[in-house]
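Notes for the one structure printed next.
The values are calculated or read from the model by the stated rules, or taken from the named source; none is laboratory data. Note that the structure is a prediction, hence the values are computed from the model and not measured. Reconstructed Cβ throughout: ideal geometry from the backbone, glycine too, with neighbour counts over all protein chains shown.
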Amino acid sequence: MAESATTAAAVKKEQKHLPFLLEVVVRLVKEKPLGTVGGVIVLLLFLVGIFAPLIAPYGFNTQELSARLQAPSAKYLLGTDNLGRDLLSRIIYGARISMIVGLAVPAIQTVMNLLIGGVAAYLGGTVDNIVQRFVDTVMCFPGLVLMLTVVAITGPGLTQVVLLLGILGGIGGGNRVIRSAVIGIKQNVYVEASKSVGGTNWHIMMRHILPNVMPVVIIGFTLSMGGAILAEATLSFLGFGIPPPAPSWGGMLSGPARRYMLQAPWMALWPGLVLALVVYGMNMMGDGLRDILDPRLRGGLGRYGSSKGKKKLSTT
C-alpha cells in the first residue's frame, strides 16, 4: 500500500511538472519532427503577417512601370509582375490575408460545430434528427458551386469570404466529429451522476462535456486551417474571393500570372510555392497535434495527463 501510494504521488508530481500546453509543445518537438516543422512554418506565417509593413521592402501596390516583368535580382529578390510591383512584398502582405483567413474561418467553424453537433448530440432525439437532416441537405450541394453562388450574391471581399467559409464549414461534416465525441462522453457515469444530483444542462455541458471534447476541437481547428487558406485561394483564383489589388496568393496566381506564364514564370511560381508550403505546414502540425492529443492513439494526452503516467500507475 505504501509503495502504491508513493508511486501514485510520483506520477501526480510528474503530471503537474509541466503545464498542459507546454507539455504538448515539448512532446510535439520530441516525438513529431514533421509536426514541429509544420509548427515552425505556421509560426513564421503569423510573424510575417503581423510584421509585414516592417519586413516588406516595398508597398504591396507600389508600381514601377520601368521595372515590369523583371526577373529576380538584387533589387527585386523574387522579381516583379506586369505592373512593376515587387513580388516579395506582395507575398509578404499576402501572408497577412492568409493568417486572418487561417484563424478566423476555423474559429467560426469551431463555434458552429459545437453549437450544431454538440448541442444536437447532447439533447438527442427529435432535435438531433432535425439538425442532422438539415446538415445532410446542405452537404448535398457541391461546396464550390454553393460558395460561388453565395459570393456572386454578396460580392467579393475578405469579410464575405471569411463568413462564407466559416458558416459553410460549420454546417458541413465537421460537426459530425463533435457529435460523435459528445455522444460517447455523455454516456459516462459522471454525466449521469451530475444529472441525478440536479445538474442543469448548461452546467453539465460546460463542466463535463466541453473539457473532455476539447482535444477533438483543437485537432479540428488546426486541421481546418490549411483547408480554409486553400479555399480562399481557390475563390480568389476564380475571381470570386478577395478583389485586387489586395495581394491574395490565390489572386496572384490568376489573371496576369497565367497570361505571362511563359514570359515571366516567377509570377506564378513564388505564390504557388508559398501557398503549398504553408498548407503543408498546417497539415503536418495538425497531424502531429492529433497524434498527441487524441487519447485513443498511443501516447495521446487524455483529460487528466499523459498516457505515460497512466501506464506507470496501472503497473503497480
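Criterion first (of a type outside the set (Gly, Ala, Ser), within 17 Å of the chain's Cα centre (by Cα) and either in a helix (DSSP H, G or I) or over 21 Å from ILE229 (Cα atoms) (or both)) does MET112 satisfy it?
Working: of a type outside the set (Gly, Ala, Ser): yes; within 17 Å of the chain's Cα centre (by Cα): yes; either in a helix (DSSP H, G or I) or over 21 Å from ILE229 (Cα atoms) (or both): yes.
It is true that MET112 is of a type outside the set (Gly, Ala, Ser), within 17 Å of the chain's Cα centre (by Cα) and either in a helix (DSSP H, G or I) or over 21 Å from ILE229 (Cα atoms) (or both).
For GLN132, the criteria (1) assigned to a helix (DSSP H, G or I); (2) of a type outside the set (Val, Ile, Thr); (3) in contact with a Ser or Thr (Cβ under 9 Å, 6 or more places away or on another chain) hold in every case but one, which is (3). Take the residues of segment 203-258 that are buried (at least 19 other Cβ atoms within 10 Å of the Cβ), among the polar types (S, T, N, Q) and more than 14 Å from the chain's Cα centre (by Cα): which is nearest to ARG85 (Cα to Cα)? The extreme case among them is SER248.
Mind checking whether some residue in segment 245-252 is free of Cβ contacts under 8 Å to residues at least 60 places away in the same chain, within 23 Å of LEU43 (Cα to Cα) and hydrophobic (A, V, I, L, M, F, W, C)? Taking every residue of segment 245-252 in turn, none turns out to be free of Cβ contacts under 8 Å to residues at least 60 places away in the same chain, within 23 Å of LEU43 (Cα to Cα) and hydrophobic (A, V, I, L, M, F, W, C).
I'd like to check something: does segment 56-74 contain any residue that is in a helix (DSSP H, G or I) and touching a helix residue (DSSP H, G or I) at 6+ places or on another chain (Cβ under 8 Å)? Give the steps one after another, and end with the answer.
Step one: filter segment 56-74 for residues in a helix (DSSP H, G or I), giving 65-67.
So of that shortlist, the ones also touching a helix residue (DSSP H, G or I) at 6+ places or on another chain (Cβ under 8 Å) come out as none.
So far as segment 56-74 goes, no, none of its residues is in a helix (DSSP H, G or I) and touching a helix residue (DSSP H, G or I) at 6+ places or on another chain (Cβ under 8 Å).
The combined condition, being at pLDDT below 85, part of a helix (DSSP H, G or I) and either within 30 Å of PRO243 (Cβ to Cβ) or touching a strand residue (DSSP E or B) at 6+ places or on another chain (Cβ under 8 Å) (or both), is not fulfilled by VAL161.
Looking at the structure I just gave you, is LEU144 over 15 Å from the mean Cα position of the chain (by Cα), at pLDDT below 85, within 29 Å of GLY39 (Cα to Cα) and in a helix (DSSP H, G or I)?
Working: over 15 Å from the mean Cα position of the chain (by Cα): yes; at pLDDT below 85: yes; within 29 Å of GLY39 (Cα to Cα): yes; in a helix (DSSP H, G or I): yes.
Against the criterion (over 15 Å from the mean Cα position of the chain (by Cα), at pLDDT below 85, within 29 Å of GLY39 (Cα to Cα) and in a helix (DSSP H, G or I)), LEU144 qualifies.
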